[in-house]
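Since the structure comes first, as structure tokens, the remarks are kept for the end.
The values are calculated or read from the model by the stated rules, or taken from the named source; none is laboratory data. Keep in mind that what you see is a predicted model, and the values were worked out from it rather than measured. Reconstructed Cβ throughout: ideal geometry from the backbone, glycine too, with neighbour counts over all protein chains shown. Heavy atoms of the whole protein, side chains included, go into the accessibility calculation; ligands, DNA and RNA do not. Shrake-Rupley method; radii C 1.70, N 1.55, O 1.52, S 1.80 Å.
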Amino acid sequence: MLNKEKFLKNVKKWDLISKNDKIVIAVSGGVDSLTLLYLLYLLREDLDLDLLCATLDHGIRDNSQKDVEHVVNFSKKLGIKCVTGKVDAVKYSVKNKLSIEESARILRYQFLDKVLKDTGFNKLAVAHNLNDLVENVLFRLTRGAGPFGLPGMKPKNGNIIRPLLFYTKDEIMNFAFKHNIEYVEDETNFDTVYTRNFIRREIIPLFKKLNPNFENSVMRLVENIWELDDFVDRKLNISVFNLRGRIYFEVPEDIYLLIEFVRRLTIKLKGKAPDKEKLDRIKKTIKNKTTFKVSFWNNFGIEISYGKALLGEFLPNDNFEILISQNETIDLDPFVVKIGKDGIIINKEKIKGDLVLRNWRNGDRIQKDKKLKELFVNKKIPSFIRRIIPILCDREEIIYIPKIYLNKAYICKENEKNKDFVGISVQLKGGFLF
């Protein structure tokens, strides 16, 4: 049974709300969101909450503006300010070749994110209930979701909270009836053309014939998944670094941890997981190759090389060449090159022609008898680092590559300290290592 006391108990159990929180509540005019608004109103004084109602007209139905008016009037009765917005989900779906459901969801969260940013509020409360969770599990099951992707939602995900996730639609309806909460019905909820409506109205009743407590059984499954998910999160304690807008990390020895880490990072970056076939390709290839790429979408994917990985847009093979002058700092992220009087001291008299800072080129050799590529391989330098690491050279020879090579013939000796010289030092940003 849903009541204020039970609601508050679950809020505390799952650490959804803290004292003095500023919460934007997404309200559609349906029974779920109006009940959530009312329950948070009941907790407002107990927890010193600052509440703001937000409602969006998706432009799907001719009478949708009446829903907005109903929400505004209801929140006004509770003494809660309401902000409104309007979009055209149908037009957006056609333009972006998406379903109307997905288009409405994207536009809704864009609107709510803007409300959060404009107001400075710290949490967003949405009214997903246990029935929504069950529909999500079944929907994702039909799409071949993995175990951690099966629920598709959590009670708390970043700044988004779902306090009604533990209650069935019937419990919410009973609460609304007892507290005289008037709500509007969205007739599109009854249209089985929409996939989730079909699951709700056609599939779930069949499961309930097998088990009348089907929703609670799914909740037990999902809670087990959440616990396992948290456990894996703790195990995935892998340091990451930003490398030119990509994520750089050491590849864990356990292939399962690698795949799960990549899956979760990709979801954070792109809002979706790679196809299983792409993840399986990583598993297969890493067994017999030290360096390889797997594209997830177009130019986005993962490059793994000698135990290091780079996730994001593949680094381009763009050549650079910079003519060196005295006393300057050159930022070649993540390398910062300083030219002056400190660091590696080079005798200027030994420099043949211009002193240049550039990247690796095919055919480069060190001391004319060994290919630089062979040195990279011997020192297990990742392929993506090879493309960007700065190389100091003159018109004839490579002089210095940070952490990899130094041509000692160019270095000032003790008896040459009075000669004209130039110093070079290279630092790595933000604790970056390779």
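Things worth noting here:
- Remark: the stretch 257-269, residue by residue, has Karplus-estimated 3J(HN,Hα) of 5, 4, 4, 5, 5, 4, 4, 5, 4, 5, 4, 5, 7 Hz, where x stands for each Gly or Pro and the curve is 6.51 cos²θ - 1.76 cosθ + 1.60 at θ = phi - 60°.
- When the pairs 156/235; 209/276; 235/283; 4/156 are compared against a 22 Å limit on Cα-Cα distance, 209/276 fall above it.
- Under Karplus coefficients 6.51, -1.76 and 1.60, residue-wise ³J(HN,Hα) of the stretch 41-53 in Hz, glycine/proline x: 4, 5, 8, 4, 6, 4, 10, 6, 8, 10, 10, 9, 8
- The calculated FRET efficiency for residue 84 paired with residue 22, based on their beta-carbon distance and R0 = 25 Å, is about 0.85.
- Nonpolar atom fraction for the chain, defined as the carbon and sulfur part of the 1.4 Å probe accessible area, stands at 49 percent.
- Straight Cα distances below 20 angstrom link residue 287 to the aspartates and glutamates 250, 253, 254, 260, 275, 277, 303, with same-chain residues fewer than 8 positions distant left out.
- Ranked by how many other beta carbons lie within 10 Å on average, peptides 392-400, 89-97 from highest: 392-400, 89-97
- Compared with the alpha-carbon gap, the fully stretched path from residue 196 to residue 338 is longer by 45.2 nm at 0.36 nm per residue.
- Extension reserve of the residue 240-residue 288 stretch, reckoned as 0.36 nm per residue once the Cα distance is removed: 14.8 nm
- Once all protein chains are placed together, residue 69 keeps about 100 Å² accessible to a 1.4 angstrom probe.
- Calculated accessible area for the stretch 317-399 comes out at 51 Å² per residue, all protein chains present (probe 1.4 Å; ligands, DNA, RNA ignored).
- Taking a ≥ b ≥ c as the square roots of the Cα gyration tensor eigenvalues, the stretch 95-239 comes out rounded, since a/c falls below 1.5.
- The residue list 33, 335, 180 was ranked by how far each Cα lies along the charge dipole of the chain toward its positive end, using unit charges on Cβ atoms, and 335 comes out on top.
- Entry for Cα Rg over 2.2 N^0.38 Å (calculated from the structure that is shown) out of (i) 0.94; (ii) 1.34; (iii) 0.98: (ii)
- Its Cα gyration tensor gives the stretch 251-342 an equivalent ellipsoid; the semi-axes, largest first and in whole Å, are 34, 15, 13.
- Remark: spin-label model distance residue 3-residue 429 equals 5.8 nm, labels positioned 7 Å along the Cα→Cβ axis.
- Accessible surface of residue 246 - all protein chains present, 1.4 Å probe, nearest 10 Å²: 40
- Gyration tensor (alpha-carbon) shape descriptor, the stretch 228-292, a/c threshold 1.5: rounded
- Cysteines in the chain that lack a partner Cβ within the 4.7 Å cut-off: 393, 412.
- With a simple spin-label model that places each label point 7 Å from the Cα along the Cα-to-Cβ direction, the separation between residue 379 and residue 269 comes to 2.6 nm.
- Karplus 3J(HN,Hα) series, Hz, for the stretch 99-116 with 6.51 cos²θ - 1.76 cosθ + 1.60 (x for Gly, Pro): 5, 5, 4, 5, 4, 4, 5, 4, 5, 4, 6, 4, 4, 5, 4, 5, 4, 4
- Anchor residue 370: lysines whose Cα lies under 17 Å away (excluding residues fewer than 8 positions away in-chain): 379, 380, 408
- Sites residue 110 and residue 420, calculated FRET efficiency, Cβ-Cβ separation with R0 56 Å, nearest 0.05: 0.40
- Only Lys, Arg (+1) and Asp, Glu (-1) charged, at Cβ; the chain dipole about Cα centre in debye: 1400
- Modelled this way, with points 7 Å down the Cα-to-C-beta line, the labels at residue 142 and residue 221 are 1.5 nm from one another.
- Of 6/154; 6/178; 13/76; 338/373; 289/373, those spanning more than 23 Å from alpha-carbon to alpha-carbon: 13/76; 338/373
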